[in-house]
1. Can you pull out the GluC sites (Glu not before Pro) in segment 28-129 whose DSSP state is coil and whose Cβ has at most 15 other Cβ atoms within 10 Å?
2. Report, ordered by chain and residue number, the aspartates and glutamates lying within cross-link reach of residue 489, taken as a straight Cα distance under 14 Å and ignoring same-chain residues fewer than 8 apart.
Amino acid sequence: MSSRGSDASSSPYWKVPGRSVSRTLLMVAGLPLLTQIIGSIFNIWYNTTHVTPFLVGDQIKLFTRTIFLFNITIYPVLTGIWLLAVAWLYRPLSRLEKGETLSQPMLERAQRRAVHLPWWFGGVTAAGWLLCIPGLLIPLMLMAETPLDPRLLTHMPISIAIAGLTSVSQGVFVVELATERWLYGRLFQNIAPSESAGVHPLSLRGRGMLWLVTAAVCPVFSLLLLVLGSDNMGADRLFAGAVSFMAVGFALVSAWLMSRLLVEPVEKLRHAAQSVATGDLDVQIDLLRADEFGPLIQEFNVMVAELREQERLKRQIAERTRDLEVTTTQLETEAEQRQQVTNHLRSALSSAENASRAKTEFLANMSHELRTPLSAILGFAEILQDDGLPQDSRLEFTSSIEKSGRHLLHIINDLLDLTAIQSGKLPVAKADCDPKEILQEVVELVSVKAEQKGLAVRCEIEADVPVLVHTDALRLRQALVNLVGNATKFTEEGSIVVRVSSIAERRLLRFDIEDTGPGIAADQIDRIFEPFTLGDMSTTRTHEGTGLGLPISRHLAQLLGGDLVVESRLGQGSNFQLTIDPAL
């Protein structure tokens, strides 16, 4: 699923009006080369002013000739490799621009090439800078008649490494930003970059390390090298000032590039979340990312789409309710012989109004329940942007995001069941089943959590329980899982007893779930069977839950011909009694 809206083809985010494919690729290829030119200028300046004094006699002429030969051979070859890597995208982009359909392998190759262009640029330019070191030193060592100054073997490699690392890092940032702005929208129209097969984008941590090296480490080492290698600090003030100016300039440019790459998606997510919280469900994040932000943006857009669909259903119900009101008003003015039809419509109107009120309460409670885990997801996602965050904390926050997502799914499942029950559309499929087997399955499901809390869970089956009963095994199991799960969640010490027995005089099968938990106050017993209601405020703060488990379980028991009641005392535990008609 694409994270862009339906109007993304006209969005300036990915396509500059009037710019052809060739001009776009020229900008993608040419802009990062400016960083290499600036780095080369400063490196040549440093070599001229600080390395040349270490040379004597024929070494100076040989050094100058070597630089010239290197610049007219190695640099053009590496530049050509980079331009060819970018130019490979011309054919697929041109065909897409004309509305043609690409084969899937060709489209996937183009997508991978676009995502991997920063790696291409970094590898090609890093190779050029690294080749400078042996390319300049080896001719001097082999061909010069006089021995080299030992300081030259230290200063030249370090100065080249610093200039190269700074310019390569800046260039990688420029390539990444240019490809995201001008190429992703053309290539990723039916799939998000993060979902494309075989892509390996630069991670958030990798960007942070590059920014740290560019903005802090390289300038500091440049000045240290200048101080340690200088015999006359007064003569180096101009170059030192230039290095400082370049350091500030590169730091500012790096900060701007990082803000576009990191801060922008966070800001978009924050503004979109605020819009959703205020009721604006038309928000859509039109941002294509191949890094960790990609899946997060995808999930957010999917969630908003689901909320938007639910809001549409709400408006549809309201419109139908108004139509029924108009129809009812007209029918009330008709003759007495149509009174039966009018009464029928009034009954339908009453049902529609009840459904509308239930829908309103449903949406109000759902908004609160969904917003809590959603806020946790967004909050932890924002914290994860901190490059200095320890790995164990990063794993913990990622686990919290997953837990919140699973909690959202559990809420939605409960809400769907409750809606189906209240509308009378929950299917019940009865068949012969073994109640002992069902009970044992339920106990096994909660046994792990009970053991973690040190709780003993006992299963007691009385002798008068029939071997087979005729009921819906799925719904019975669902109700028992809710009840035994609640007992495990609210009981901190002691035991849980699950007992099944037969009530001969009423021809019912009864399941007792007894726990040694905190118990329930008498004035709260009726409230706990209402949707979205928990026992008290302290329980609400201590334990997770939407308050749907008990209402759903009671409805399921009633659908199976029985009921659900509870006996409880504060401080002594509770006994939930679920009954069903095994032969209904």
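Each reported figure results from applying straightforward, stated rules to the coordinates on display, with no laboratory input. These numbers were taken from a predicted model, which means no experiment stands behind them. When we count neighbours, we look across all protein chains shown, and the Cβ atoms used for this are built from the backbone with ideal geometry, even at glycine.
1. Counting only loop positions with at most 15 other Cβ atoms within 10 Å, the GluC sites (Glu not before Pro) in segment 28-129 are 100.
2. 451, 514, 515, 544
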